[in-house]
């Protein structure tokens, strides 16, 4: 088994070979594990909404989150991109909507990220209010 240093050196050697023209392309490193539930929660989506939005089956989402199955490499790759840049994935999966929304906030990835962050914050506030209400306390918005 390679040490972490050996892996880094191998990667640097690949970069050197690529830059010198001795090697074409690169090898993508797909994460072994992806926390689907954390990604979905960060986006403030239900399992059903997440599966509809990104094209996964609802059963797959449930099995991945329940630990009964692990996403295959292509799914882990897509999930990683969704985690890092959901707006890019949405644009790629629905180009017609992107073209129709040209000039609107949905075509701007920065604004899309801000919208996701606002949804997340609103969801957290609502959850907090519900928790306090269940304990009989009143919480202001």
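For residue 62, state whether it is surrounded by fewer than 13 Cβ atoms within 10 Å (Cβ to Cβ) and free of Cβ contacts under 8 Å to residues at least 24 places away in the same chain. No: the conditions fail for residue 62. Under the condition of being surrounded by 13 or more Cβ atoms within 10 Å (Cβ to Cβ) and assigned to a loop (DSSP other than H, G, I, E, B), the residues counted in region 15-45 number 8.
Counted as qualifying within region 46-96 are the helices (runs of 4 or more DSSP H) with 2 or more residues that are farther than 19 Å from residue 30 by Cα, namely 47-54, 58-66, 86-93.
Taken as a whole, the structure leaves residue 46 outside the set of residues that are within 24 Å of residue 95 (Cα to Cα) and at pLDDT below 95.
The values are calculated or read from the model by the stated rules, or taken from the named source; none is laboratory data. Note that the coordinates shown come from a computational prediction; the quantities given were computed from them, not determined experimentally. Reconstructed Cβ throughout: ideal geometry from the backbone, glycine too, with neighbour counts over all protein chains shown.
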